[in-house]
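Encoded as structure tokens, the structure appears first; notes follow it.
The values are calculated or read from the model by the stated rules, or taken from the named source; none is laboratory data. Model, not experiment: these values are computed from the prediction. Don't worry about glycine lacking a Cβ; one is built from the backbone with ideal geometry, like all the others, and counts go over all protein chains shown.
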Amino acid sequence: MSYTLFPREGSPGPLPVKPILVLGSTGSIGTQTLDLVAQPDSGLVVAGLAANTSWELLLEQIERTSTPLVSLSDPAAAEALRPHLPPQTTLFSGPEALLELIAAADFEVAVHGVMGRAGLEASFALARAGKTLALANKESLVIAGDLLIDAVAQGGGRLIPVDSEHSAIEQCLRGEDLACVRRVLLTASGGPLREASLNEIENAPRDKALAHPTWDMGPRISIGSATLINKAFEIIELHHLFGLESDRIEVIIHPQSLVHSMVEFIDGSVIAQMNPPNMRGTIHYALHHPDRQPANLPGFDLSKFRELTFEAPDLERFPALELGFRCVAEGGTSGCCLNAADEVAVEAYLTGKVPFAEITRISQEVLDARPTKSAGPLSMSAILAADRWARSLAQELITAKTANAT
């Protein structure tokens with residue numbers, strides 16, 4: 001299947017259009033991706049959309065994009081959507097819907113915005129497809145980074161991170177030799193608790209922990225920014241994406257979220273990537289990589305860029321940051337266990353079962369209990385087994401802590 005746009009007046013011929021797949025289309029990344037598609041002369045057309053339960057919003061997206069293929073993982077939501085579908089639209093439903101959509105769709109780029117462990121299998125299916133994987137599901141790299149990078153290489157495609165920091169690093173490194181990199185400076189806003197005391201952090205209320213000062217994100221990512229576990233995950237991602245070890249990775253706090261990361265080279269030169277905090281810019285870059293295309297997105301604004309400040313992270317108040325470096329050092333299933341424990345602990349915090357500081361403690365206790373000796377080469381079955389083990393242990397720890405609190 002090929003797609004074309006009607007040519008502009010006076011242009012030599014039709015402009016080629018890039019068909020894209022959007023997984024998690026009703027979430028933050030998905031809706032922002034579709035905003036970019038809707039821009040005049042975007043050069044993009046939607047080949048397929050995937051959601052979990054939000055069938056009403058998905059229906060609106062189908063009507064706007066005329067996509068031929070959609071999937072809903074929740075069977076009840078799929079049945080609610082089915083009577084409203086245009087006759088030319090095919091619907092996949094149930095637990096395998098995401099993978100069936102990937103197999104059926106004709107696309108060049110897939111924006112993968114499904115959050116959490118639920119997006120792992122889709123990441124591998126896209127990696128093997130030999131297309132461009134615009135990956136916003138950071139958990140896939142945290143859980144199984146080595147295997148995913150190998151799958152992309154074997155499939156013959158490419159992986160472009162849809163994450164402001166890693167996109168920034170990719171842009172800073174274009175045309176550069178990794179051997180000439182002295183260190184990567186991974187920036188962090190510091191989150192909503194950046195100036196809070198240890199006592200305030202211990203029992204931080206949910207409304208304050210969710211109130212990120214510069215980014216509008218979902219609950220788990222917002223809480224991860226408050227604990228700084230998100231930055232720990234990004235350390236692991238950075239390691240897998242660029243092959244850098246811990247001694248060339250440094251985290252710095254940058255409250256304005258304008259400098260998305262920097263690369264320092266062996267001659268002392270530092271290259272930074274900057275733009276106002278807006279995920280549309282990162283998504284746009286991934287959609288058109290390796291080219292740059294026009295976009296109606298803000299750039300330099302003197303009123304915003306007038307003051308850029310940086311500070312060192314406080315590891316006493318935010319010990320979660322060190323867990324990322326620990327996982328890079330330990331390798332194996334450590335990232336998988338950290339992600340699983342954090343998912344369970346964040347849910348427990350959001351439902352009022354544990355105080356804020358227990359999120360990091362639970363994650364650390366799960367890592368401490370992880371068997372460090374591998375039974376053999378790392379495999380997907382070993383990763384999935386580690387994921388189940390870590391979730392089970394995290395839940396046991398939460399149950400015990402809840403009982404002790406009462």
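Go through segment 227-245 and count every residue that is in contact with a His (Cβ under 9 Å, 6 or more places away or on another chain) and modelled with pLDDT of 95 or more. Spell out how you get there, then give the answer.
Looking only at segment 227-245, we keep the residues that are in contact with a His (Cβ under 9 Å, 6 or more places away or on another chain), and these are 234, 237-238, 241-242, 245.
Remaining after also requiring modelled with pLDDT of 95 or more: 234, 237-238, 241-242.
Matching residues across segment 227-245 total 5.
Beta carbons closer than 7 Å, at least 6 apart along the sequence or on distinct chains, pair a first residue in segment 34-49 that is small (Gly, Ala, Ser) with a second that is buried (at least 21 other Cβ atoms within 10 Å of the Cβ) and in a loop (DSSP other than H, G, I, E, B) for 47/67; 47/105; 47/107; 48/67; 48/105; 48/107.
Residues in segment 122-145 that are more than 18 Å from residue 390 (Cβ to Cβ) and either in a helix (DSSP H, G or I) or among the basic types (Lys, Arg) (or both): 122, 123, 124, 125, 126, 127, 128, 131. Tallying residues that are touching a Lys or Arg at 6+ places or on another chain (Cβ under 9 Å) and buried (at least 23 other Cβ atoms within 10 Å of the Cβ) within segment 108-130 yields 2.
All told, residue 174 falls short of being basic (Lys, Arg) and buried (at least 16 other Cβ atoms within 10 Å of the Cβ). Within segment 318-343, being free of Cβ contacts under 8 Å to residues at least 60 places away in the same chain, crowded, with 21+ Cβ neighbours inside 10 Å and assigned to a helix (DSSP H, G or I) holds for 334, 337, 341.
Anything in segment 354-369 that is without any contact (Cβ under 8 Å) to a residue 40 or more places away in the chain and surrounded by 13 or more Cβ atoms within 10 Å (Cβ to Cβ)? List them, or say none.
First, the residues of segment 354-369 that are without any contact (Cβ under 8 Å) to a residue 40 or more places away in the chain: 361-362, 365-366, 368-369.
Of everything in segment 354-369, those that are without any contact (Cβ under 8 Å) to a residue 40 or more places away in the chain and surrounded by 13 or more Cβ atoms within 10 Å (Cβ to Cβ) turn out to be 361, 362, 365, 366, 369.
Checked against (1) over 15 Å from residue 223 (Cβ atoms); (2) in contact (Cβ under 8 Å) with a residue 40 or more places away in the chain; (3) buried (at least 18 other Cβ atoms within 10 Å of the Cβ), residue 349 passes all but condition (1).
For residue 150, indicate whether it is part of a loop (DSSP other than H, G, I, E, B) and surrounded by fewer than 20 Cβ atoms within 10 Å (Cβ to Cβ).
On the way: part of a loop (DSSP other than H, G, I, E, B): no; surrounded by fewer than 20 Cβ atoms within 10 Å (Cβ to Cβ): yes.
So residue 150 does not fit the description; no.
Every test in (1) in contact with a helix residue (DSSP H, G or I) (Cβ under 9 Å, 6 or more places away or on another chain); (2) over 26 Å from residue 402 (Cβ atoms) is passed by residue 320 save one, and that test is (2).
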